[in-house]
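The values are calculated or read from the model by the stated rules, or taken from the named source; none is laboratory data. Predicted, not measured: the structure shown is a model, and the values here were computed from it. Because the Cβ atoms are built from the backbone with ideal geometry, glycine has one as well, and the counts that use them run over all protein chains shown. With ligands, DNA and RNA removed, areas are computed over all heavy atoms of the protein, side chains included. Shrake-Rupley method; radii C 1.70, N 1.55, O 1.52, S 1.80 Å.
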Amino acid sequence: MSTARRSAGILLYRVVRTGTGQRDVDVLIGHMGGPFWMGRDAAAWSLPKGEYGDDEEPDAAARREFEEELGLPVPDGAWLPLGEVRQRSGKTVAAWAVEGELDPARATPGTFTMEWPRGSGVLREFPEMDRFAWCAPDEAARRLVVGQRVFVERLRAYVREGRAPADS
């Protein structure tokens, strides 16, 4: 049984044109829920993702987490592997990009329960992600946690230049 922490997620995107006509992307990201992230914006957003164990394939976990965190199915489309990244915490995150449309206002986030305030004995429920937004790459880079920004860079290189995302 593996003790390494692993997460998998999906970076939903849509192709857009810049003012100069160059192909680019907008990506759908979510603001992390709960009291720790409340009132924060920079480095407080994530792609919909979550942990999985040895009994689940990473792509299945990515689909499950997307649906749990948004309350919506993954749009139909090809899954483009964006590779893996080891975060500072030691967790490995695998991601796929899927091209599709989704209205963030339709999302119904899943929830988690935690004691809040700490030490109070009171259990409260919080959304896993409390809001979602389509962002241009520069805005996503500011908002995303540092360890996930590379996924946007890899996707952008693929859409703009046709380079394989995991090789960027």
key: Within region 130-145: backbone nitrogen closer than 16 Å to the Phe112 label point (7 Å, Cα to C-beta)   = 130-131, 145
remark   = With no solvent term and unit scatterers on the alpha-carbon positions of region 36-93, Debye gives log₁₀ I(q)/I(0) at q = 0.12, 0.18, 0.22, 0.27 Å⁻¹ of -0.37, -0.81, -1.11, -1.29
query = Which residues in region 118-159 have a backbone N closer than 18 Å to a point placed 7 Å from the Cα of Ser89 along the Cα-to-Cβ line?
reply = 126-131, 143-151
message = Rounded to the nearest percent, how much of the accessible area of the chain (1.4 Å probe, protein heavy atoms only) is carbon and sulfur?
response = 49
request  = Report the longest stretch of the chain that contains none of the trypsin sites (Lys or Arg not before Pro) sitting in a DSSP loop with at most 10 other Cβ atoms within 10 Å.
outcome  = 1-87
note = Per residue, accessible area of the chain with a 1.4 Å probe, heavy atoms of protein chains only, in Å², comes to 53
ask   = Roughly how many Å is it from the Cα centre of region 44-106 to that of region 117-144, as a whole number?
value = 16
ask   = For the chain, what is the mean residue ellipticity at 222 nm derived from helices alone (per DSSP H run of n ≥ 4: -39500 (n - 2.57); sum divided by total residues; nearest 500 deg cm²/dmol)?
value = -6000 deg cm²/dmol
